[in-house]
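Since the structure comes first, as structure tokens, the remarks are kept for the end.
None of the figures in this text is laboratory data; all of them are computed from the coordinates on show. If you're wondering where the values come from, they're calculated on a predicted model, not measured in any experiment. Ideal geometry is used to build each Cβ from the backbone, glycine not excepted, and the neighbour counts take in all protein chains shown.
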Amino acid sequence: MGVARRVAVVVACVPVLVLAGCGDDEPAEPVELPSLSPSAGSLPGVSASQGAEDLPASEVEPAEFVRAWVDAYNAATLDGDTTRMRAMSAEECMTCDGFATQLEEIYGAGGSVDPVGPAHVIDSVDPESSDSTSARFTLKLTVSSGTTYETADGDPIEFSAEQQEWIVDLYVVGGSWRVAGIGV
């Protein structure tokens, strides 16, 4: 993938979500931002050493798994460590792999992604379908502005705040939930 295309994808997908409930006529309500920690602290009964990816699917609500995956993506955006994000993704999730690879390439070249706030703030997680082995959600996200440096000495590439909508598919793989696809 060429540098210009990678930059375009980073600008579209990696920016941080910090605004929620923005309407033309109504004031925005305060939003609690998700943790940027790669731990699973947001899931009840899950210790910092045990994440949603380690639990049987029967012990994690699919919507909570989606939220935990976004938390893992946020953490990877800040330091380039995609280990947890990849562990939560099925092998066939090409979008997951694309997000992770972009971050690995940027941080591997000494660059960084410097969003204003957390990488992605989930405004809503709306179920489309769900059963014991698969689930589909529509995520509405707010992405904030920030700066990407593709290399240690690279020029800053600014990205703007925006609203995004993702369709996220989950499947049970090896007894645990995994993100199997993201339509951006």
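Run the dipole for the stretch 93-184 about the Cα centre, Lys and Arg Cβ at +1, Asp and Glu Cβ at -1, nothing else charged, and hand back the magnitude in debye, nearest 20.
Here the size comes out at about 380 debye.
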Taking the stretch 81-127, how much of its Cα-Cα pair set, in percent, is spaced more than 15 angstrom apart? 58
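Note down the Stokes-Einstein diffusion coefficient of the stretch 138-184 in µm²/s, whole number, using a Kirkwood radius over alpha carbon pairs, 10 °C, and 1.306 mPa s.
Values: Rh = 13.3 Å.
This corresponds to a translational diffusion coefficient of 120 µm²/s.
What is the stretch 83-181 by shape, rounded, prolate or oblate, if you read a ≥ b ≥ c off the alpha carbon gyration tensor as root eigenvalues and call it rounded for a/c under 1.5, prolate for a/b larger than b/c, and oblate otherwise? All intermediate terms of the calculation are to be shown ahead of the outcome.
Values: a/c = 3.42, a/b = 1.60, b/c = 2.13.
It is oblate, given that a/c is not under 1.5 and a/b is not larger than b/c.
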